[in-house]
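The values are calculated or read from the model by the stated rules, or taken from the named source; none is laboratory data. Predicted model, so just to flag it, every value in this text is computed and none were measured. Methodologically, a virtual Cβ is constructed for each residue, glycine included, from the backbone with ideal geometry; neighbour enumeration extends over all protein chains shown. For the accessible areas, the whole protein counts, side chains as well, though only heavy atoms, and no ligand, DNA or RNA atoms are used. Shrake-Rupley method; radii C 1.70, N 1.55, O 1.52, S 1.80 Å.
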Protein chains: 2
Amino acid sequence: MRIALDAMGGDHAPEPNVHGAIAALDLLPEISVCLVGDRPRLETLLSEAAYSGDRITVHAAEGFIEMHEKPVEALRKKPKCSLAVCWQMMAGKEVDAVVSAGNTGAVVAAGLRTRLFLKGVKRPGIAVTLPTLKGKSVLIDVGANPQARSEHLYQYAVMGSIYAKSIFKIDSPRIGLINIGSEDGKGNELYRETHQLLTSSDLKDQYVGNVEGRGLYAGEADVLICEGFVGNVVLKTSEGIADFLMKSISEAIMPALDADRDKVMEAFKGLGKRFQYHGTGGAPLLGIDGICIICHGSSSADAITNALRAATNYEHQHVNERITAALVRD
Amino acid sequence: MRIALDAMGGDHAPEPNVHGAIAALDLLPEISVCLVGDRPRLETLLSEAAYSGDRITVHAAEGFIEMHEKPVEALRKKPKCSLAVCWQMMAGKEVDAVVSAGNTGAVVAAGLRTRLFLKGVKRPGIAVTLPTLKGKSVLIDVGANPQARSEHLYQYAVMGSIYAKSIFKIDSPRIGLINIGSEDGKGNELYRETHQLLTSSDLKDQYVGNVEGRGLYAGEADVLICEGFVGNVVLKTSEGIADFLMKSISEAIMPALDADRDKVMEAFKGLGKRFQYHGTGGAPLLGIDGICIICHGSSSADAITNALRAATNYEHQHVNERITAALVRD
């Protein structure tokens, strides 16, 4: 399996990207990685890491998109940037997957420009995995499609369910529609229409109905559907409040500690790891004819290795074939 | 000042409602409270509490709306329920304010039926106050208007700003628009239009632009604007993740504790109080010709007292007069 890694994407790129790729080689014997970016810099990093094999190659690109740049504008200005080249390689079947920790908006925009959609898919969606009181849940879409129609949300239910089934081995994933109340008829037109669609679809037995924001972290469904605007706000609000609570709790508790200080610090660190959901494999852009794994901007080498593993797993589980089968049958 | 208190609204009603009203009398010498609900039950509670004054009266209503009922349907079935009677009293100028800890959807639906809107207001919005790393911020709307137009969002900015200025004494509140990126042009049509409106309005000097979910709890703005669907999901997701994190942290930390156990428990309790934002005065429905304070369903007697105080404060600060002056001038 050949994977294009956007070597320049991410807050700390390219170092963790190169090291993450090297570390993945032993763990994932079937992959080869194409590092896309600044050739001299990448070759120097490979040689500094004493890498001399042939499973990692370097593919030159011109420039890269910074985290703060406007995606569409930046892509127009830098048509040969690392991200654009990654997608072109996938469109040209030179690679099977793209992995990037770069500007998420730009990863999606570059992908949508290639029109590399799976057969039957109307709009791709980003699926993130969130921790819940019952384990974890998949939330789709978190930003690829900020103005969705009900048929898009229905397709997110199909794709999210297949993803949860394939990757998390949940037999019959419970699907929930994010809404502002649990009763029928809640929300606005888009959500009422989607609720109707799901209730009368093949997914009706898996559909648990409307789920409020509170139910998300309570684990009321395995797969949660919403439009990109809402999902993105939910995701970033969650990160914001987690940050806020961790700071507040640590400020409130630490001064109260004396003898147990070290033990509590250890417990806190362990907990922090559990919440690094972004670091645990990245988020797939579902609905693409190929594989695209989006990592958090702050990805470490470990996070990059995990994302490469996620791409491999996605392929092994035939996620795309299953999506096509479900949508084309519909 | 005369306040109608929905004595039957809330998970634990009517006890905390009656006790909260009695406790408010000493603190707020200018108010009288009309307890609306089941007359015999309320009179028994008053006499059990040895209350014998004339500042609390009882007004009979027939039934009440349960927390799980569908608002519009329930109001049709129970036209004389405690909540409907409260609003009818305000529409008839028998009272100056309504306070309820009942089904939020029903509080709003009953209010919208009276069409008791302030002059110039197109749609009322619920404003909640959230704790942030910098203090607190007002988020409007969290559910009164799930399918808003840009002119509604613009009015929320006007009303939210006046509220923050009057109640929190913030000289020139920074206004932010909830969005999925901070750059211009982000989001969907509604948010792009609203961004344009705010940028070219009288509020432009206060407007700090788009704010992402993460910026909300970082305190990037004093007033945050969004449509009711998004605000409701943000609010309930916040409650959900706070709950989830508190449980996870306490599970991770408590077993690590030995000598400091009691001190940490105390610190946790103190922190919990800081997060009871629902308990600290309730959320006003802004844009109503009158005063409506919505409390959390789990309101204690203290929370009810605080909500009565909030209604008083709202009147003292002439919030409505200021809103009308701003919107009618526009």
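Considering only DSSP beta bridges with both partners in chain B, what is the antiparallel share in %, to the nearest 5?
Taking every DSSP beta bridge within chain B, about 30 percent pair in antiparallel fashion.
How far apart, in nanometres, would the label points at residue B:329 and residue A:68 be if each is projected 7 angstrom from Cα along the Cα-to-Cβ direction?
3.5 nm
If each label sits 7 angstrom from Cα along the C-beta direction, how far apart, in nm, is residue B:263 from its counterparts in the other copies?
1.3
Each residue of segment B:150-155 in order: what ³J(HN,Hα) in whole Hz does its phi give by Karplus 6.51 cos²θ - 1.76 cosθ + 1.60, θ = phi - 60°, with x for Gly and Pro?
My calculation for segment B:150-155 gives 4, 5, 5, 5, 4, 5 Hz in order.
Residues of segment B:242-256 with accessible area at least 10 Å² lower in the all-protein-chain context than alone (1.4 Å probe)?
With the partner chains in place, segment B:242-256 has these residues losing at least 10 Å²: B:242, B:243, B:244, B:245, B:246, B:247, B:248, B:249, B:252, B:253, B:256.
How big is D, in µm² s⁻¹, for segment B:51-149 by Stokes-Einstein at 25 °C and 0.890 mPa s if Rh is the Kirkwood radius over C-alpha pairs?
160 µm²/s
As a test, work out the antiparallel percent of DSSP beta bridges whose residues both lie in the protein assembly as shown, rounded to the nearest 5.
30 percent
Convex hull volume of the Cα atoms in chain A, per residue, in Å³?
146 Å³
Using protein chains only and a probe of 1.4 angstrom, how many square angstrom of residue A:247 are accessible, to the nearest 10?
In the full protein context, residue A:247 sits at about 100 Å².
If the only charges are +1 at each Lys and Arg Cβ and -1 at each Asp and Glu Cβ, what is the size of the charge dipole of the protein assembly as shown around the Cα centre, to the nearest 20 debye?
Computed charge dipole of the protein assembly as shown: roughly 1060 debye.
Could you tell me the accessible area of residue B:112 in Å² (1.4 Å probe, neighbours in place), rounded to the nearest ten?
40 Å²
Between residue B:147 and residue B:182, what is 0.36 nm times their sequence separation minus the Cα-Cα distance? Round to one decimal in nm. Mind dumping the intermediate values first?
On the way: separation 35, 0.36 × 35 = 12.60 nm, distance 2.24 nm.
Extra length available between residue B:147 and residue B:182 comes to 10.4 nm.
Using θ = phi - 60° and the Karplus relation 6.51 cos²θ - 1.76 cosθ + 1.60, list the HN-Hα couplings for segment B:77-88 in order, rounded to whole Hz, with x at every Gly or Pro.
6, 10, x, 10, 5, 4, 5, 5, 5, 4, 5, 4
Could you list, in their original order, any pairs among A:122/B:204; A:269/B:134; B:169/B:236; A:236/B:204 whose Cα atoms are separated by more than 29 Å?
Among A:122/B:204; A:269/B:134; B:169/B:236; A:236/B:204, the Cα-Cα distance tops 29 Å for A:122/B:204.
How do B:117, B:64 stack up against each other in accessible area, from largest to smallest, with a 1.4 angstrom probe?
B:64, B:117
If I compute solvent accessible area with a 1.4 Å probe over the protein chains, what percent of it on chain B is carbon and sulfur?
Heavy-atom surface of chain B belonging to carbon and sulfur, 1.4 Å probe: 49 percent.
May I ask you to list the lysines whose Cα is less than 27 Å away from that of residue B:78, ignoring any residue fewer than eight positions away on the same chain?
Output for residue B:78: A:186, B:70, B:93.
In peptide A:183-192, what is the residue-averaged number of other protein chain Cβ atoms found within 10 Å of each Cβ?
That works out to 4 on average.
Between copies, how close do the residue A:62 label points come, placed 7 Å along Cα→Cβ, listed in nm from shortest?
When each copy's label point is compared with this one, the spacings are 7.9 nm.
How big is the charge dipole of segment B:1-63 about its Cα centre, in debye rounded to the nearest 20, if each Lys and Arg gets +1 on its Cβ and each Asp and Glu gets -1 on its Cβ? Before the final figure, lay out the partial values.
Working: 4 positive and 10 negative charges, 29 e Å.
Value, rounded to 20: 140 debye.
For the pairing of chain B with chain A, what total accessible surface becomes buried, with a 1.4 angstrom probe, in square angstrom to the nearest 100?
Details: alone 15690 and 15720 Å², together 26200 Å².
That pair of chains buries around 5200 Å² in total.
Using Cα centres only, tell me the gap between segment A:158-233 and segment A:245-260 in whole Å.
37 Å
May I ask you to derive the FRET efficiency for residue A:43 and residue B:133 from their Cβ-Cβ distance with R0 = 60 Å, giving the value to the nearest 0.05?
0.90
Give the accessible surface of the protein assembly as shown per residue, rounded to a whole number of Å², with probe radius 1.4 Å and ligands, DNA and RNA excluded. If you can, show how the numbers build up before the last one.
Values: 26200 Å² over 660 residues.
Dividing the accessible area of the protein assembly as shown by its residue count gives 40 Å².
Taking the Cα centre of segment A:129-278 as origin and charging only Cβ (+1 Lys, Arg; -1 Asp, Glu), how large is the dipole, in debye to the nearest 20?
Roughly 360 debye for segment A:129-278.
Keeping all protein chains in the complex and leaving out DNA, RNA and ligands, what accessible area do you get for residue B:38 with a 1.4 Å probe, in Å² to the nearest 10?
60 Å²
How many Cβ atoms of partner chains, on average, are near each residue of A:224-236 if near means within 10 Å of its Cβ?
Details: counts 0, 0, 2, 3, 3, 12, 7, 2, 7, 14, 9, 5, 11.
The mean count of partner-chain Cβ atoms within 10 Å per residue comes to 6.
Pull up the cross-link candidates among the aspartates and glutamates for residue B:119, meaning alpha carbon to alpha carbon under 16 Å and not fewer than 8 places away within one chain.
In chain and number order, the partners are B:151, B:289, B:321, B:330.
Taking all protein chains together and a probe of 1.4 Å, list A:250, A:238 from the most accessible to the least accessible.
Output order, biggest surface exposure first: A:250, A:238.
If each DSSP helix of 4+ residues adds -39,500 (n - 2.57) and the sum is divided by the residues in chain B, what number results at 222 nm, nearest 500 deg cm²/dmol?
-14500 deg cm²/dmol
Mind checking which of B:237, B:126, B:199 is farthest towards the positive end of segment B:122-281's charge dipole, using Cβ charges of +1 (Lys, Arg) and -1 (Asp, Glu) about the Cα centre?
Sorting the options by dipole projection puts first B:126.
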